[in-house]
Ligand SMILES: Nc1ncnc2c1ncn2[C@@H]1O[C@H](COP(=O)(O)OP(=O)(O)OP(=O)(O)O)[C@@H](O)[C@H]1O
Ligand SMILES: [Mg+2]
């Protein structure tokens with residue numbers, strides 16, 4: 001302000017002048033934008049810190065990497081999966097998502113079980129692949145929300161599930177029960193819920209539960225409250241899949257004790273496949289698969305006729321033992337063990353033949369046979385002991401007298 005004006009004001013009695021800065025509209029807008037920016041950055045930083053703090057135990061930020069791997073592998077297998085957001089509980093389950101490129105078993109690796117393979121192709125694989133078009137046509141054509149494989153041990157149930165994972169254009173969650181059973185109260189429910197929400201985010205998805213009876217066995221009065229609650233929650237989430245429009249999630253369970261599974265669970269598994277011990281023709285097919293890559297001179301029809309009541313895994317054991325015989329033979333012709341360790345091995349091993357198999361049959365029996373004969377032996381020895389006890393006691397009594 002010029003001096004002239006100051007003097008003028010002083011003459012009029014003005015003793016104090018205050019300078020007030022009035023902001024223009026542009027300046028005000030700039031301030032608001034700055035404030036919003038600072039708020040946004042603070043919010044982002046806070047949520048990052050909170051995210052880190054919330055990360056599940058043992059997760060050191062690997063979840064993003066896992067997600068990238070899952071997306072890449074599924075897209076390679078013909079899926080169109082985009083980036084998906086997950087909470088900490090879903091993150092903890094990411095490692096149970098089996099990637100198609102990790103799977104090696106195909107339907108060709110399974111001997112026998114022709115009817116099961118055919119039906120699985122028609123009722124699970126095909127509808128899963130063409131889910132969208134079938135859903136538009138009729139909801140009745142959608143794949144079932146629950147499938148059960150049951151039968152004796154070693155008959156190819158898990159193998160079939162793996163082949164489905166390889167063949168189906170779907171996500172496969174190999175659920176380990178230990179993964180959802182947390183020691184912390186309330187965590188189990190959140191993890192069980194996460195199984196279903198993650199499955200829906202990655203649908204079509206197969207949730208595979210091996211040894212289903214161990215997790216979803218008959219509910220008993222003696223069940224811990226937490227166990228009963230987990231089962232009830234699982235059932236209600238499972239129901240949610242079918243009551244809303246079809247979401248492309250199948251729960252596939254395996255069991256060799258289907259009578260131990262809760263009836264409510266069985267009701268939710270309308271599609272059930274029995275896996276029996278293989279018949280003779282099926283045993284030939286299985287033996288052919290096992291011996292496919294081994295030079296051999298084996299009449300698989302003959303061996304199949306001699307292996308009644310053998311399961312697929314028993315046949316595998318038989319093949320292993322038979323194939324080890326030519327090796328043992330070759331080793332026995334080498335100098336003593338000390339020399340073998342020093343010198344380089346130069347073995348000429350003959351091809352395995354039917355005679356090796358006949359010899360191995362002396363050693364390898366169906367797995368249940370050993371257990372059964374042990375049970376019988378134990379029973380009869382217990383019986384013998386019990387029968388001899390009263391006699392001893394009466395003898396003792398007599399000697400006291
Ligand atoms: N039908 C089959 N064809 C080829 N191999 C088989 C077949 N059945 C069983 N096997 C062999 O037996 C092994 C065990 O099979 P698998 O794990 O599928 O049995 P399972 O029915 O799931 O048994 P469990 O009820 O004990 O879990 C397989 O890895 C495979 O080598
Ligand atoms: Mg199994």
- Task: Evaluate the following for residue 214: is it modelled with pLDDT under 90, farther than 24 Å from residue 72 by Cβ, within 16 Å of ligand 1 (Cβ to nearest atom) and surrounded by fewer than 18 Cβ atoms within 10 Å (Cβ to Cβ)?
- Result: yes
- Message: Being more than 23 Å from the chain's Cα centre (by Cα), surrounded by 13 or more Cβ atoms within 10 Å (Cβ to Cβ) and within 16 Å of ligand 2 (Cβ to nearest atom) narrows it down to one residue among 291, 287, 277, 334; which is it?
- Response: 277
- Item | Complete set of residues in the range 305-314 that are surrounded by 16 or more Cβ atoms within 10 Å (Cβ to Cβ) and more than 16 Å from ligand 2 (Cβ to nearest atom) | 307, 310
- Note on the structure: Counting only residues in the range 133-180 that are part of a loop (DSSP other than H, G, I, E, B) and away from ligand 2 (no atom under 14 Å from the Cβ), the one surrounded by the most Cβ atoms within 10 Å (Cβ to Cβ) is identified as 170
- If you scan the range 163-179, which residues turn out to be in contact (Cβ under 8 Å) with a residue 40 or more places away in the chain and under 20 Å from residue 214 (Cα atoms)? 173, 174, 175, 176, 179
- Task: Please indicate, with yes or no, whether at least one residue in the range 154-170 is under 26 Å from residue 231 (Cβ atoms), away from ligand 1 (no atom under 15 Å from the Cβ) and in contact with a strand residue (DSSP E or B) (Cβ under 6 Å, 6 or more places away or on another chain).
- Result: yes
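The values are calculated or read from the model by the stated rules, or taken from the named source; none is laboratory data. Keep in mind it's a predicted model, so treat the numbers as computed, not measured. Here Cβ is always computed from backbone atoms with ideal geometry, including for glycine, and neighbour counts include all displayed protein chains.
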